[in-house]
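Input: a single structure, listed below in C-alpha cells.
The values are calculated or read from the model by the stated rules, or taken from the named source; none is laboratory data. Bear in mind that the values here come from a model prediction, so they are computed numbers and not experimental data. All Cβ positions, even for glycine, are placed from backbone atoms using ideal geometry, and neighbour counts span all protein chains on display. The accessibility values were calculated without ligands, DNA or RNA, using every heavy atom of the protein model including side chains. Shrake-Rupley method; radii C 1.70, N 1.55, O 1.52, S 1.80 Å.
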Amino acid sequence: MPGTTTPDRLAAATAERPAGPLIVTEDETLLDDLLRLCAAAGSEPEVVFTAPPRAASWDRAPLVLVGAEAAARVRGAPRRQGVLLIGRDDDDAETWRQGVGIGADHVLFLPESESWLVDRIADVTEGAGGPALTIGVVGGRGGAGASTLACALAVTAARGGLRAMLIDGDPLGGGLDILFGAERTGGLRWPDFADSRGRVNSGALEESLPRLDSLSVLSWDRGDTVLVPPEAMRSVLGAARRRGGVVVVDLPRRVDDTTAETLTQIDVGLLVVPAELRAVAAASRVAGAVQAVLDDLRVVARGPFGSGLDDQEIARLIGLPLAGELPPEPSLADALSGGPPGSARRGPLARFCGAFLDQALGHAGSVTA
C-alpha cells in the first residue's frame, strides 16, 4: 500500500503491539526522537510513516503521538482520548490550531516536554490505572509487632487476588524476607536500587524482586547498611504504586529525609501500640513525628489488654483514630511459627487485615480471610 512502508530501522517498531503508543508522522527526525523516548519508557510503538493510520490501530492504541506536520492525515479520524500533537516551536500558532482541529488532549513541544512525554508513554505501557492503596505500618515502640502486621497485610491482599508488594522501609529491621523464610530466594534487594533516579519501570521492578506466590517483597540483604537516599525511595515507591493493588511499607520509627519521602506517598498509616503505659508514651512521640508528614494515621491497639487500658483508651491517649485491635495471637509474637504472618486464615491477625483492607479499598468481601 503506497505510503505505508517505513525504513528498515523501523521494522521492529511497526509491528502491531497494542501495549505501545501509535506514532503518526512524516518527519524522520521527529520519528527518531519519538522512538528514542519510547525506548526510554520501555515501550515498543506502532509506527505509521507518511500515511493515515488504519482504523483498528487508531482505535486500539492506548496513546497516539501525532507529528504536527502530519496532522492532516488524522483530521478525519474519529475523536478519541489520548491523542497528543507533537511540535517543535511553541510560538507557532498553527500548531495549536492543528491540535484543536484533531481534538488532541495536549499539544507538546520537543525537547521541552520530553520528560513529561516519557512518563506518559511509560504509564500506558505499564498499564497504569489507579495507584495502589499504599499502607505504612510503624511501631509505637520497638517490638510492637509492626513488621508482623505489615507482612500480614501484604499476605492477606495477595491471598485475596490483589497485586501486592511488601516494601521494607527500615534498614535496621533485619530484613522482612526473613519473616517468610525467603532470605535465600533470588531477586534484587534495596542495595541494588540505592542509586535509582528518575522513573523506574514498574513492571521490571515487580519482576526483579523475590516473590512468594503472588506477593513481591523488597527487603534488605545481610550486608552492610546501605544508604537509600530520598530520590531512590521516591523512584522505587512510585513505581510500586503505579502497578496498582496494595503496597505495604514497614516504616522505621525515626523520621529522616528518606522516611519523610516515603510518608508523602502513603495513603494511610497504622501505628501499632501494645497495651502498656510506656508503649503509649513512646507511641505518642512517634505519632507526632509521623503526623508532620502523614495526615491519615490510625492506632492499632495490640493486646493483651489490662491496667485499665483498652483499645479506645489507647487511641484517646495518643489522640488518633482507632483502626482496630489485635487480640493476642502466637504468630504476632513469633512470626515464623506456622508460616508467614497472616497465614492462619481464621486467626485474629488475618481477620483484622481482611476487615481493614475491605474497608480501605471500599469493596467489602474481596480480601476477607
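Could you list all residues from region 234-273 that are in contact with a Gly (Cβ under 9 Å, 6 or more places away or on another chain) and at positive phi?
Gly244
Among the residues of region 86-119, write down those that are crowded, with 17+ Cβ neighbours inside 10 Å, free of Cβ contacts under 8 Å to residues at least 60 places away in the same chain, of a type outside the set (Ser, Thr, Tyr) and part of a helix (DSSP H, G or I).
Gln98, Gly99, Ile102
Please give the number of the condition Gly339 fails out of (1) open to solvent by less than 60 Å² (accessible area, probe 1.4 Å); (2) assigned to a loop (DSSP other than H, G, I, E, B); (3) without any contact (Cβ under 8 Å) to a residue 60 or more places away in the chain; (4) over 16 Å from Ala154 (Cβ atoms).
Here Gly339 clears every test but (4).
Could you list all residues from region 206-247 that are among the hydrophobic types (A, V, I, L, M, F, W, C), more than 10 Å from the chain's Cα centre (by Cα) and assigned to a helix (DSSP H, G or I)?
Ala232, Met233
Taking Val300 as meeting all but one of (1) farther than 30 Å from Ser196 by Cα; (2) touching a Lys or Arg at 6+ places or on another chain (Cβ under 7 Å); (3) touching a residue at least 60 places away in the same chain (Cβ under 8 Å), write down the number of the exception.
In the conditions (1) farther than 30 Å from Ser196 by Cα; (2) touching a Lys or Arg at 6+ places or on another chain (Cβ under 7 Å); (3) touching a residue at least 60 places away in the same chain (Cβ under 8 Å), Val300 misses (2) alone.
Could you grab me the full set of residues in region 43-59 that are open to solvent by 10 Å² or more (accessible area, probe 1.4 Å), touching an Asp or Glu at 6+ places or on another chain (Cβ under 8 Å) and not β-branched (Val, Ile, Thr)?
Scanning region 43-59 gives Glu46, Phe49.
Kindly evaluate Gly145 against the criterion of being closer than 30 Å to Pro348 by Cβ and in contact with a helix residue (DSSP H, G or I) (Cβ under 6 Å, 6 or more places away or on another chain).
In short, yes.
Can you name every residue in region 15-66 that is within 16 Å of Gly82 (Cβ to Cβ), more than 28 Å from the chain's Cα centre (by Cα) and touching a residue at least 24 places away in the same chain (Cβ under 8 Å)?
Val24, Val48, Pro53, Ser57, Trp58, Val66, listed by residue number.
Scan region 256-279 residue by residue and report those that are over 19 Å from the mean Cα position of the chain (by Cα), open to solvent by 10 Å² or more (accessible area, probe 1.4 Å) and hydrophobic (A, V, I, L, M, F, W, C).
Ala275, Leu277
Might you let me know whether region 163-181 holds any residue that is in a helix (DSSP H, G or I) and within 21 Å of Leu133 (Cα to Cα)?
Yes: region 163-181 contains one or more residues that are in a helix (DSSP H, G or I) and within 21 Å of Leu133 (Cα to Cα).
Conditions first: (1) of a type in the set (A, V, I, L, M, F, W, C); (2) over 30 Å from Glu276 (Cβ atoms); (3) at pLDDT below 95; (4) not in a helix (DSSP H, G or I). Ala122 passes all but one, so which condition is the exception?
(4)
Count, please, the residues in region 116-146 that happen to be under 14 Å from the mean Cα position of the chain (by Cα) and of a type in the set (S, T, N, Q).
Result for region 116-146: 1.
Is there a residue being over 20 Å from Ser147 (Cα atoms), assigned to a loop (DSSP other than H, G, I, E, B) and open to solvent by 10 Å² or more (accessible area, probe 1.4 Å) anywhere in region 248-255?
Within region 248-255, the first condition is being over 20 Å from Ser147 (Cα atoms), and the residues that meet it are none.
No, region 248-255 has no match at all.
Restricting to region 17-42, name every residue that is at pLDDT below 95, open to solvent by 10 Å² or more (accessible area, probe 1.4 Å), in contact with a helix residue (DSSP H, G or I) (Cβ under 7 Å, 6 or more places away or on another chain) and part of a loop (DSSP other than H, G, I, E, B).
Hits for region 17-42 are Pro18, Ala19, Gly42.
So, in region 67-85, exactly how many residues are crowded, with 18+ Cβ neighbours inside 10 Å, more than 28 Å from Arg199 (Cα to Cα) and within 33 Å of the chain's Cα centre (by Cα)?
Going through region 67-85 one residue at a time, the tally reaches 0.
Could you check Pro78 against (1) touching a Phe, Trp or Tyr at 6+ places or on another chain (Cβ under 8 Å); (2) closer than 20 Å to Asp32 by Cα and say which number it fails?
Status for Pro78: all satisfied but (2).
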